[in-house]
Amino acid sequence: MSDQPKNANTSVPQNAGPTYNEPGVAVIRGVNWGGFLALYWKEVRRFFKVQLQTVWAPSITTLLFLVIFTVALGRGDRMVLGVPFADFIAPGLICMGMIQNAFANSSFSLLVGKIQGTIVDYLMPPLSIGELLGGLVAAAVTRAALVGFAVWLAMALWPGVQVSVTHWWAVIWFGLMGSVMLALLGVLTSIWAEKFDHAAAVTNFVVAPLALLSGTFYSIDRLSPAVQAFSHANPFFYAISGFRYGFLGESDSPIVTGSVVLLVINLLLTAICYYLLKKGWKIKS
């Protein structure tokens, strides 16, 4: 029998160097909140450095829509859904500005990384696919919320427009669902696009037409049945109609139906974006 004590540890030298995990063994377990917040603040600071262009300019543009349409179509005696025309289009314009800027923010991140060759900055950090997707979407929703607040503030100060909130839960829910939907669509666009022209094509031929034909400037009950059917197939319509309900207490569509439709679309877009990011389609060589 050996005289060596049983509790002696002879397998690890006293001057042993640093130890390393086996390949494929996760070092950060659970959610990497530090990495997630770092990505989120990076994206927020990116658009906030040019806030005059990314936040305040859209609010001025949206306010001009309000002025033009109320002057051209909003006669003093014109009522829509039981409220003056200016009060009717104001919530829709706020929501339209939010969702368009959510798309603009998320469609830029990965695309500029691919064009400038800095996509590795998104792929190399110890972030899971969910954390990467969540950081991009959260930053886009933040920009949408800031634009929405700026537009609301401008309209609140504009004479002759009433933008007081009736149902806060509807404003928050439909504003969030609409912004998340366009943020996910923007991520999907940035994955697919190979140059800025591709992203601009989606903006001009998909986002802008669907936003303008979403009932922002009119009530669909005055349209023909065929056009009403098209409006009900437009997911932008449910976001804007539900958002308007939060201000006016009236809407063109059932609120529960719109909530479910937007939730299902967001879950579907999340699954598609997650799958494409995991596969590295058009991102990883």
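Residues of segment 109-125 that are surrounded by fewer than 21 Cβ atoms within 10 Å (Cβ to Cβ) and either touching a strand residue (DSSP E or B) at 6+ places or on another chain (Cβ under 9 Å) or closer than 16 Å to residue 41 by Cα (or both): 121, 122, 125.
Residues checked against (1) over 24 Å from residue 195 (Cα atoms); (2) part of a loop (DSSP other than H, G, I, E, B):
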position	(1), (2)
121	no, no
127	yes, yes
132	no, no
145	yes, no
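Would you mind stating whether residue 44 is part of a helix (DSSP H, G or I), surrounded by 13 or more Cβ atoms within 10 Å (Cβ to Cβ), at pLDDT 90 or above and touching a Phe, Trp or Tyr at 6+ places or on another chain (Cβ under 8 Å)? Against the criterion (part of a helix (DSSP H, G or I), surrounded by 13 or more Cβ atoms within 10 Å (Cβ to Cβ), at pLDDT 90 or above and touching a Phe, Trp or Tyr at 6+ places or on another chain (Cβ under 8 Å)), residue 44 does not qualify. With (1) modelled with pLDDT under 90; (2) closer than 14 Å to residue 92 by Cα; (3) assigned to a helix (DSSP H, G or I) as the list, and residue 228 as the residue in question, which single condition is left unmet? It is condition (2) that residue 228 fails. Which members of segment 146-171 meet the condition of being surrounded by fewer than 17 Cβ atoms within 10 Å (Cβ to Cβ), among the aliphatic types (A, V, I, L, M) and either in contact (Cβ under 8 Å) with a residue 40 or more places away in the chain or on the phi > 0 side of the Ramachandran plot (or both)? Those that are surrounded by fewer than 17 Cβ atoms within 10 Å (Cβ to Cβ), among the aliphatic types (A, V, I, L, M) and either in contact (Cβ under 8 Å) with a residue 40 or more places away in the chain or on the phi > 0 side of the Ramachandran plot (or both): 153, 165. I'd like the full set of residues that are out of contact with any helix residue (DSSP H, G or I) (no Cβ under 6 Å at 6 or more places or on another chain) and at pLDDT below 95, limited to segment 260-281. Scanning segment 260-281 gives 279, 280, 281.
The values are calculated or read from the model by the stated rules, or taken from the named source; none is laboratory data. This structure is a prediction, so every number in the text was calculated from the model and none was measured. Cβ coordinates were reconstructed from backbone atoms using ideal geometry, including for glycine residues, and neighbour counts include every protein chain displayed.
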